[in-house]
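For reference, the structure is listed below as structure tokens.
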Amino acid sequence: MADEHKAKRLEIAHVLFIDIVGYSRLLTDEQSEALQELNQIVRSTEAAREAEAAGALTVLPTGDGMALVFTGSVEEPVECALEIGHALRAQPSLPVRMGIHSGPVHQVKDANERENIAGVGINIAQRVMDCGDAGHILISKRVADDLAQQRRWQPYLHELGDVEVKHGVMVSLVNFYAETIGNPTPPARIGKVRGAVRSTTTATRKGLSPLARAIFVLAGLLLVLASASVIFAPAIMRTLDKRGLATLPQSSATASPSLADTIKSAVAKKITDELKDELSGKRNAAVEPPPTGSAIPEKSIAVLPFDNLSRDPDNAYFAEGVQDEILTRLAKVADLKVISRTSTQHFKSAPDNLPQIAKQLGVMNILEGSVQKANDQVRVNVQLINALTDAHLWAETYDRKLTDIFAVESEISKTIADTLQAKLTGSEKISIAKVPTANTEAYELYLKGRFFWNKRTGADLKRAIDYFNQAIAKDPNYALAYAGLADSYTLLSVFSAASPQDSIPQARVAAKKALELDNTLAEAHASSGRILSGYDYDFERAIAEFERAIQLNPNYATSYHWISNGPLTARGEFDRAITEGKRAVELDPLSMIDNADLGQIYFYARRYDEAISQVGKAIEIDPHSYLAHFYLGQIYQLQGHLTEAIAEYQKAVELDDDPQALAFLGQAQARIGQHDKAQKILSRMTEEAKSRYVSAYSFALMFIALGDKERAIDALERAYREGAANDIITIRVDPMLEDLRGQPRFEALAEKIVPASQFRSATASK
């Protein structure tokens, strides 16, 4: 007896029951093939393999399917069902349904005297599954309650209610699905049961309040409780959820009054809970707005910063690099709207309010993830979420060698595109799958370079240049590293006291090399376009380069940004410049520089109200941006509000020691008669120019305000000779140079920079 008792010792297991729908209608050969195919899919799942290796899985054949009994976590059968569901998407000819339940099981010997498993846990799992149709993953309420404790699973859970199954047992069912997994249609059996209940109770319920109905039902149940408790006790006990079971008193075979009290308490609680649910449902229905059309495109996504789970905090660059690579690959798909990294970095801390983030970024979908790197091993976790509905569309974990990281990034990008039903051209498929380098050391150095390049400070750009050069030393044919080098040198004179005469030639060499190695790099074409317009005054070729970059990567915000505030503005093509600038902001809505430079385009177009509004957005994003403040000062100045302008220029000077901000402050002071202050600033600029780069344009602004037009033109001509075209390509539209118009030398210089044949009237879009 002791051995028999030991053999029947109960334990809680988590059961996934699976069968093939319509199995009995198949031919014998077809049945064998279908079972073999299903078995192969199940056995290949990571969840089943890991549980089996840990000795925590028993597989029971059932004729037309199988039962998988997990003894670890309640999530194991759910993870397994997810993997099976994804695999079955590629096998539409294999209709399968699944049911999951957690309950007691025990060891038994089968007819062949072999150890096996049986118990109510397996039986209920089968009953749950039996309620489903092809494609359904149904789970019991007990399992759903466990899963609901984790945010990840909540969007998958959709309650169906109670249904009576075999032997009069009542089971509370939950449909487990998302947009790409499971079957959202209620099972046919559930619909029929619900319909029958409604048809037999309409007369009784009509006109009764929820409270009256509850009292009526409770009274009826109490009336028959004495005679029915013994018959129906097992069925009722099985309908209680895990919280109810935890609070019930222990009963024995001789304690029937205690059992009756238990049943009365449970029934009353059930009715109370249902009444609360009904009233709560009515309140929610009254306040929840109906779904309406959205201006946000369905095929839009933001890749949020990945969490760095590595022990070494220095690996933060690697986590950011994986995020950036996935984003870059997705950005090459024209059918997707992909938000730039600059904007997504604003949500670096763990985001809780995904709908609000999605609204800010103007997307419907969000990819979250984490990266863990140890030596040559990498684990990448990702999950794709419809942020507007909080539905989980797809999730996956990748455990790979570092050398396989490109394949992982490519696979993730391809799966996301497929999940969002984005159309991929042949060239886009090739681009997504491209391996930029076979040298993992070069790749890590490149990621470090991009990490610092994105910080956009002079010191960080110099660190980026160092890392890109190291990457090139490891792999001399690494085109992306040359593109990063070109980008860094292109921006160096903008964000540091570097002369364009020193930085631009190196940018030009790096961009040329990148394009020689790979002519399909959008970044390299964009850098080339900026060099051609900002330093070579070759606007036609610059526009062609930017357009090529946009063609190669339609979501690369920098291409739209640079073409809009570069050659298009220089040539007075304000309508198109504003359109392209708006597109840059759409793709990078939280980029201070994109918003500020769009405001600057409005300024050049003399659309001052719109300029103030747009620059105001830049200041909201970054109140400490000196650039946005002196942009705002310019607008106020041209509106005739010099006091307000000086206040903004003063803020810019306090925020950064950029000599150009100082020049704007000095010229404004000169214009209101504070010549002593202006002269002091001019002297300071002259002294600083001995040890650092101070743009000739800055001196020109000072000389204009002080009334010395000849020296102002001298300074502009020097800017032209020094190759500082980025400062003076807007010579024909810059309102700050208005006092020089009509001067022969000035007009001759303007003709060299922007020939009249290429210029469109600055007032054309007023």
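The values are calculated or read from the model by the stated rules, or taken from the named source; none is laboratory data. Because the structure is predicted, anything quoted here is derived from the model rather than measured. Every residue, glycine among them, receives a Cβ derived from its backbone with ideal geometry; neighbour counts consider all protein chains shown.
Of everything in the stretch 391-415, what is out of contact with any Lys or Arg (no Cβ under 9 Å at 6 or more places or on another chain) and more than 15 Å from Glu444 (Cα to Cα)? Give them in sequence order. Result: Ala391, Leu393, Trp394, Glu396, Glu411, Thr415. Only one of the numbered conditions (1) under 38 Å from the mean Cα position of the chain (by Cα); (2) closer than 19 Å to His14 by Cα; (3) at pLDDT below 85 is violated by Cys131, and that is (3). Consider the stretch 446-468 and keep the residues that are touching a helix residue (DSSP H, G or I) at 6+ places or on another chain (Cβ under 7 Å) and more than 21 Å from Arg530 (Cα to Cα). The one that is surrounded by the most Cβ atoms within 10 Å (Cβ to Cβ) is Tyr446. Based on what the data block shows, is Lys359 of a type outside the set (A, V, I, L, M, F, W, C) and over 21 Å from Leu424 (Cα atoms)? When the stated conditions are applied, Lys359 passes them. Residues that are under 20 Å from Val338 (Cβ atoms) and among the aromatic types (Phe, Trp, Tyr) were ranked within the stretch 360-406; the one that is modelled with the lowest pLDDT is Phe406.
Screening Ala442, Ala473 for residues that are outside the structural domain of Leu393 (by TED's automatic domain parsing) and surrounded by 20 or more Cβ atoms within 10 Å (Cβ to Cβ) leaves exactly one candidate, Ala442. Scanning the stretch 307-323 for residues that are charged (D, E, K, R) and crowded, with 22+ Cβ neighbours inside 10 Å gives a single hit, Glu320.
Yes/no matrix, rows are residues, columns are (1) over 16 Å from Asp307 (Cα atoms); (2) in the same structural domain as Asp307 (by TED's automatic domain parsing); (3) of a type outside the set (Gly, Ala, Ser); (4) surrounded by fewer than 21 Cβ atoms within 10 Å (Cβ to Cβ):
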| position | (1), (2), (3), (4) |
| --- | --- |
| Ile366 | no, yes, yes, no |
| Val371 | no, yes, yes, no |
| Asp376 | yes, yes, yes, yes |
| Val380 | no, yes, yes, no |
| Gln383 | no, yes, yes, yes |
| Trp394 | yes, yes, yes, no |
| Tyr398 | no, yes, yes, yes |
| Asp404 | yes, yes, yes, yes |
| Ala407 | yes, yes, no, yes |
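Filtering the stretch 151-163 to residues that are free of Cβ contacts under 8 Å to residues at least 60 places away in the same chain and either assigned to a helix (DSSP H, G or I) or surrounded by fewer than 14 Cβ atoms within 10 Å (Cβ to Cβ) (or both) leaves Arg151, Glu159. Against the list (1) surrounded by fewer than 23 Cβ atoms within 10 Å (Cβ to Cβ); (2) under 23 Å from Asp727 (Cβ atoms), the condition Ala618 fails is (1). Counting residues in the stretch 334-355 that are touching a Ser or Thr at 6+ places or on another chain (Cβ under 6 Å), assigned to a loop (DSSP other than H, G, I, E, B) and at pLDDT 90 or above gives zero. Considering Lys359, Lys401, Lys373, the condition of being over 30 Å from Ala438 (Cβ atoms) and among the charged types (D, E, K, R) is satisfied by Lys359 alone.
The residues of the stretch 562-581 that are surrounded by 24 or more Cβ atoms within 10 Å (Cβ to Cβ) and of a type in the set (S, T, N, Q), listed by number, are Ser564, Asn565, Thr569. When the stretch 64-93 is filtered for residues that are more than 33 Å from the chain's Cα centre (by Cα) and among the aliphatic types (A, V, I, L, M), the ones remaining, listed by number, are Met66, Ala67, Leu68, Val69.
Regarding Ile672, is this residue in contact with a Gly (Cβ under 7 Å, 6 or more places away or on another chain) and more than 18 Å from Leu740 (Cβ to Cβ)? Here the answer is no, as Ile672 does not meet what is asked.
Residues that are within 15 Å of Val322 (Cα to Cα) and of a type in the set (Asp, Glu) were ranked within the stretch 430-474; the one that is modelled with the highest pLDDT is Glu441.
Yes/no matrix, rows are residues, columns are (1) in a helix (DSSP H, G or I); (2) modelled with pLDDT of 85 or more; (3) over 22 Å from Gly103 (Cα atoms); (4) out of contact with any Ser or Thr (no Cβ under 7 Å at 6 or more places or on another chain):
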site: His14; (1), (2), (3), (4): no, yes, no, no
site: Ile18; (1), (2), (3), (4): no, yes, no, yes
site: Glu30; (1), (2), (3), (4): yes, no, yes, yes
site: Leu35; (1), (2), (3), (4): yes, yes, yes, yes
site: Glu50; (1), (2), (3), (4): yes, yes, no, yes
site: Leu68; (1), (2), (3), (4): no, yes, no, yes
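With respect to Ser559, determine if the residue is under 30 Å from the mean Cα position of the chain (by Cα), hydroxyl-bearing (Ser, Thr, Tyr), buried (at least 19 other Cβ atoms within 10 Å of the Cβ) and outside any loop (DSSP other than H, G, I, E, B). Spelling it out, Ser559 is indeed under 30 Å from the mean Cα position of the chain (by Cα), hydroxyl-bearing (Ser, Thr, Tyr), buried (at least 19 other Cβ atoms within 10 Å of the Cβ) and outside any loop (DSSP other than H, G, I, E, B). Looking at Tyr636, Tyr608, just one residue is touching an Asp or Glu at 6+ places or on another chain (Cβ under 9 Å) and of a type in the set (Ser, Thr, Tyr), and that residue is Tyr636.
Here is a yes/no grid of residues against (1) crowded, with 16+ Cβ neighbours inside 10 Å; (2) closer than 20 Å to Gly534 by Cβ; (3) at pLDDT below 95:
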site: Gly640; (1), (2), (3): no, no, yes
site: Val653; (1), (2), (3): yes, no, yes
site: Asp657; (1), (2), (3): no, no, yes
site: Lys680; (1), (2), (3): no, no, no
site: Ser683; (1), (2), (3): no, no, no
site: Leu701; (1), (2), (3): yes, yes, no
site: Asp727; (1), (2), (3): yes, yes, yes
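Please tell me if Tyr489 is out of contact with any Lys or Arg (no Cβ under 7 Å at 6 or more places or on another chain), hydroxyl-bearing (Ser, Thr, Tyr), at pLDDT 90 or above and assigned to a helix (DSSP H, G or I). Judged against the criteria, Tyr489 is a match.
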